[in-house]
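Data block below; observations after.
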Amino acid sequence: MALGSIYLGDQLIGEVEYTLQDSSDSRWWGELVFTEYHKVADGGGYSIRTEDGKQGRCTLKKKLNKAVYGMPSRHFYLFQGMSPLKTP
């Protein structure tokens, strides 16, 4: 997994580990998990900054909740691009 960050508007929400499944110009998407706990609502208005410096607007949707005994739950999210993923 690569390291990146998620923003809501211009505000940093948190650091994420992500896997980019498809990085074509028109339809990019992947999965992510926050490195620290953050409560995030499903929907739009987010943007992701990837490890290589690219950035694009995206939506987030909670995918599943993996509970591990004795550990806080980790929420996995599906992200889908709403704009080109490019270097600003």
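The values are calculated or read from the model by the stated rules, or taken from the named source; none is laboratory data. Here the structure is a predicted model, which is why all the values come from computation and not from measurement. Glycine gets a Cβ as well: all are built from the backbone with ideal geometry, and neighbour counts include every protein chain shown.
Worth pointing out:
- Residues within segment 40-88 that are touching a strand residue (DSSP E or B) at 6+ places or on another chain (Cβ under 9 Å), part of a loop (DSSP other than H, G, I, E, B) and at pLDDT 85 or above, tallied: 12
- Segment 9-52, residues that are loosely packed, with under 14 Cβ neighbours inside 10 Å and of a type in the set (A, V, I, L, M, F, W, C): Leu12, Ala41
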